[in-house]
Amino acid sequence: MDRPLPEFPIDRVLTAIAARAGSPVRVVRRTTHLPLMENLVARGHGIALLPRHTTRERAEGRLALVPLADIRAGRFIEALMRPDRSARRAVQGVLDALTAEGARYSA
């Protein structure tokens, strides 16, 4: 089973939620397999922190999505490439698409 690294973004959000609530959160399961978490929640096995943009399309009729209030949550998207490949038109197209998509959410 996929286990998140300690710096996994969801753990940072859990820490912020616990600090805001003034008590620790009880974590029963940790995984990076988000469809598994969606299925567990859909079957009534607790709650989960899930990314809204990738979960939204699968949530309707299965999950109630509740946005976090006053807690900063986000992620970093990085693109790694070999210098000799970065000038390729296809690579530039992907980088341009990632940059444009990121700009939509950073505003």
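The values are calculated or read from the model by the stated rules, or taken from the named source; none is laboratory data. Model, not experiment: these values are computed from the prediction. Please note: Cβ atoms are built from the backbone with ideal geometry, for glycine as well, and neighbour counts cover all protein chains shown.
Out of (1) closer than 24 Å to Thr15 by Cβ; (2) surrounded by 12 or more Cβ atoms within 10 Å (Cβ to Cβ), what's the single condition that is false for Val91?
(1)
Criterion first (surrounded by fewer than 10 Cβ atoms within 10 Å (Cβ to Cβ), within 23 Å of Arg52 (Cα to Cα), basic (Lys, Arg) and not assigned by TED's automatic domain parsing to the domain that holds Leu50) does Arg72 satisfy it?
Criteria met by Arg72.
If Val41 meets every condition in (1) surrounded by 13 or more Cβ atoms within 10 Å (Cβ to Cβ); (2) modelled with pLDDT of 85 or more; (3) assigned to a loop (DSSP other than H, G, I, E, B) apart from one, which number is that one?
Of the numbered conditions (1) surrounded by 13 or more Cβ atoms within 10 Å (Cβ to Cβ); (2) modelled with pLDDT of 85 or more; (3) assigned to a loop (DSSP other than H, G, I, E, B), the odd one out for Val41 is (3).
For the range 1-38: of the residues being acidic (Asp, Glu) and in a loop (DSSP other than H, G, I, E, B), which is modelled with the lowest pLDDT? Before you say what the answer is, go through the steps one by one.
Start the filter on the range 1-38 by keeping residues that are acidic (Asp, Glu), which leaves 2, 7, 11, 38.
Then keep just the ones that are in a loop (DSSP other than H, G, I, E, B); that gives 2, 7.
Values: Asp2: 62, Glu7: 66.
The residue in question is Asp2.
Starting from the range 80-93, take each residue that is at negative phi and free of Cβ contacts under 8 Å to residues at least 40 places away in the same chain and list its partners that are among the charged types (D, E, K, R) and assigned to a loop (DSSP other than H, G, I, E, B), counting only C-beta distances under 7 angstrom and pairs at least six apart or across chains.
The qualifying pairs are Val91/Arg85.
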